[in-house]
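In what follows, a single structure is set out as structure tokens and then discussed.
The values are calculated or read from the model by the stated rules, or taken from the named source; none is laboratory data. Because the structure is predicted, anything quoted here is derived from the model rather than measured. Every residue, glycine as well, gets a Cβ built from its backbone with ideal geometry; the counts of neighbours run over all protein chains shown.
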Amino acid sequence: ALAELLEFVPDDALVPHVHFSLAEARRGFRVRYLEVASLPRRGSNPNGTMWGVDRPPILPPARLRRFARHAAAELWRVSLRPGADG
């Protein structure tokens, strides 16, 4: 199954997990979820933060907005465009 799914994910994908999810759904794969143990985050905020401040700004940082634009374009180009196989 993994070998089949890898065909639909670019080597340099920004969001490979999203491509995998879309390919799984389109190919009719049954997905099971397993509990995974993880280490607690370091730092003052146990939940983590992408803002780097105590109070989030009105808009996400420019770097995150740029990433989101590029990821959305990649998803459309590879997995979401009309007629996409994956």
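Quick look at the numbers
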item	result
Region 35-68, residues that are modelled with pLDDT of 80 or more, surrounded by fewer than 10 Cβ atoms within 10 Å (Cβ to Cβ) and under 21 Å from Val15 (Cβ atoms)	Val36, Ser38, Ala62, Arg63
Residue tally, condition loosely packed, with under 13 Cβ neighbours inside 10 Å and charged (D, E, K, R), over region 1-33	6
Residue satisfying condition, being out of contact with any Cys (no Cβ under 6 Å at 6 or more places or on another chain), among the basic types (Lys, Arg) and modelled with pLDDT of 90 or more, within set Arg81, Arg30	Arg30
